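Derivation of every value follows stated rules applied to the coordinates shown; laboratory data play no part. Here the structure is a predicted model, which is why all the values come from computation and not from measurement. Heads up, the Cβs are rebuilt from the backbone with ideal geometry, glycines too, and the neighbour counts pull from every protein chain shown.
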């Protein structure tokens, strides 16, 4: 484990084409699955790569962070919120083909994150599938803390605007989320959504 941590810390800071090539060659052997044409830019941090699946032509932009790993669901400190659209696996991050994970995006996948094809996150987005439970942290978050697991499912052709925060739930296909939105409920397909229940219909080729 320490050996892999050392290699990854060295690879993380290498810029340019050589750095991207070496990271791809390394991570295609370390990830749960890795398609062709994947670009892993400098500064990218991947925790527990054996629980990360990347499709083909995925771009992990600079300083994006992917946190994955198994959760012991027998532990009573975890409370699971059901997402009926989620077909992935708790602890696993899956990113579909032709997706761009933008600069500084954080994907916290311990509760499970499944992202479809043609996904885009603008800079500074945050996707969380697990967080502390404020109703079950009587002594703060460092001692005997409780947690909420709420899987995230994102359908095909979804674009998250700058600084968007996704807290569990499902986002339907062909959807644009306006900058600085907070997703705290399921989002219908084919709309522009601003996080404040204001939405407008948008038309896509093939869906008219």
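Take residue 33 and tell me if it is touching a residue at least 40 places away in the same chain (Cβ under 8 Å), touching a strand residue (DSSP E or B) at 6+ places or on another chain (Cβ under 9 Å), surrounded by fewer than 16 Cβ atoms within 10 Å (Cβ to Cβ) and more than 18 Å from residue 165 (Cα to Cα). Criteria not met by residue 33. Residues of the range 106-118 that are surrounded by 24 or more Cβ atoms within 10 Å (Cβ to Cβ) and outside any strand (DSSP E or B): 109, 110, 111, 112.
Residues that are out of contact with any strand residue (DSSP E or B) (no Cβ under 8 Å at 6 or more places or on another chain), within 17 Å of residue 61 (Cβ to Cβ) and surrounded by 10 or more Cβ atoms within 10 Å (Cβ to Cβ) within the range 1-21 comprise 11, 14, 15, 19, 21, listed in sequence order. For the range 15-37, the tally of residues that are at negative phi and part of a helix (DSSP H, G or I) stands at 14.
For the range 66-84, a residue qualifies if it is assigned to a loop (DSSP other than H, G, I, E, B) and under 16 Å from the mean Cα position of the chain (by Cα), and the qualifying residues are 68, 69, 70, 83. Among the residues making up the range 119-145, those that are in contact with a strand residue (DSSP E or B) (Cβ under 7 Å, 6 or more places away or on another chain), in a loop (DSSP other than H, G, I, E, B) and surrounded by fewer than 18 Cβ atoms within 10 Å (Cβ to Cβ) are 133, 141, 145.
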